[in-house]
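Derivation of every value follows stated rules applied to the coordinates shown; laboratory data play no part. Computed from a predicted structure; not experimentally measured. FYI the Cβ positions are ideal-geometry reconstructions off the backbone, even for glycines, and counts take in every protein chain you see.
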C-alpha cells in the first residue's frame, strides 16, 4: 500500500509540476502595431456629417490568433469604451500579419473625441496586452467631402484628395466591391468589369484619403442604374 501510495503521490506531483510549468510558460498576446484613422461619412445629401473611428491592430498570440477573445478601445477622458469580440471585429490577413479591428466605431454625437486612447487585447487565459495611441485628426468641417454622380453608366467624381476609392454597396449597406477611381469621368465597367456592378451592387460611393490629416472622407451614396 505504501508503494502504491508513493506512485500516486509521485504522479500527482508530476502532474502539478507540469501544470505549473505550462502556466509559467504561457505568454500574453502581443500588439505588434496599430493603424488608426478618422473616417468622415456623409450623413445626407445636404452635407451633414458623422465621424467614425477606425482602429486595427496587427496581433500575435503564442496559442494562435484564435486565442484572442476581446479588443477594448478606451478613451478615458470621455469615459468611452468599445468592446470588440470575434463577431464584431474585422480580420485582414496581410502576408504573415493578422489585423483585427473595426472601421466603424461610433460615439455619442456627430464627432469622435480627439486625444489619448488605449487599446487593450485579452486572450482566453485572461492574459492581456495594451498599447496607447493618440487621435490628433483636425477639425474636419473645413475639408470638402468627395462627391459622385452618375451619367448613365459613367461615374463622375469631384474630389480634392490624392487617393480615391470607389465603394460598391448592396441594398443592405454591405461592401461588395472596391476599386481605385480618379477625379473626373470613369466608366462603371472599368471599375467592375463585365458589368458585374449591375447584379453585384445597388449603390456607389467614393472614399477620399487625406494622408496628412490621417482622415478619410466618404461621399453620399449614388444609386446605380438598373
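Have a look at 89, 192, 99 and tell me which one the Gaussian network model of the chain (Cα, springs below 10 Å) gives the largest fluctuation.
192
Which residue, 67, 87, 76, tops the fluctuation ranking in a GNM of the chain built on C-alpha contacts under 10 Å?
87
Tell me the angle of helix 2-25 to the major Cα principal axis of the chain, expressed in degrees between 0 and 90 and rounded to the nearest ten.
The helix 2-25 is inclined about 30 degrees to the chain.
Let me know the whole percent of all Cα-Cα pairs from the range 123-226 that are separated by more than 24 Å.
Details: 1857 of 5356 pairs.
Roughly 35 percent, rounded to a whole number.
I need the shape label for the chain. Rule: rounded when a/c is under 1.5, else prolate if a/b > b/c, else oblate, with a, b, c from the alpha carbon gyration tensor.
Details: a/c = 3.61, a/b = 2.23, b/c = 1.61.
Prolate.
Before anything else, pin down the relative contact order of the chain: Cα pairs under 8 Å, at least 6 apart, normalised by residue count, whole percent.
Details: 459 pairs, mean separation 40.9, N = 226.
Once normalised by length, the contact order is 18 percent.
What percent does the relative contact order of the range 30-135 come to when contacts are Cα pairs within less than 8 Å and at least six residues apart? Don't jump to the answer; show the numbers that get you there.
Values: 215 pairs, mean separation 31.0, N = 106.
About 29 percent, as a whole number.
Calculate for the chain the 222 nm mean residue ellipticity that helices alone would give, adding -39,500 (n - 2.57) per DSSP H run of length 4 or more and normalising by residue count, nearest 500 deg cm²/dmol. Intermediate values should be presented prior to the final figure.
Values: 3 runs with 32 residues, N = 226.
Theoretical 222 nm ellipticity from helices: -4000 deg cm²/dmol.
In square nanometres, what is the average projected area of the Cα convex hull of the range 30-135?
Numbers: hull surface 29.2 nm².
With every direction weighted equally, the projected area is 7.3 nm².
Roughly what would the spin-label model give for residue 83 and residue 175, points 7 Å off Cα along C-beta, in nm?
Output for this residue pair reads 2.6 nm.
Given the options 108, 138, 211, state which has the largest fluctuation in a GNM of the chain using a 10 Å cut-off (strictly under) for Cα springs.
In the Gaussian network model the winner is 108.
Need one number: % antiparallel among DSSP beta bridges in the chain, to the nearest 5.
Values: 69 of 72 bridges.
Looking only at bridges with both residues in the chain, the antiparallel portion is about 95 percent.
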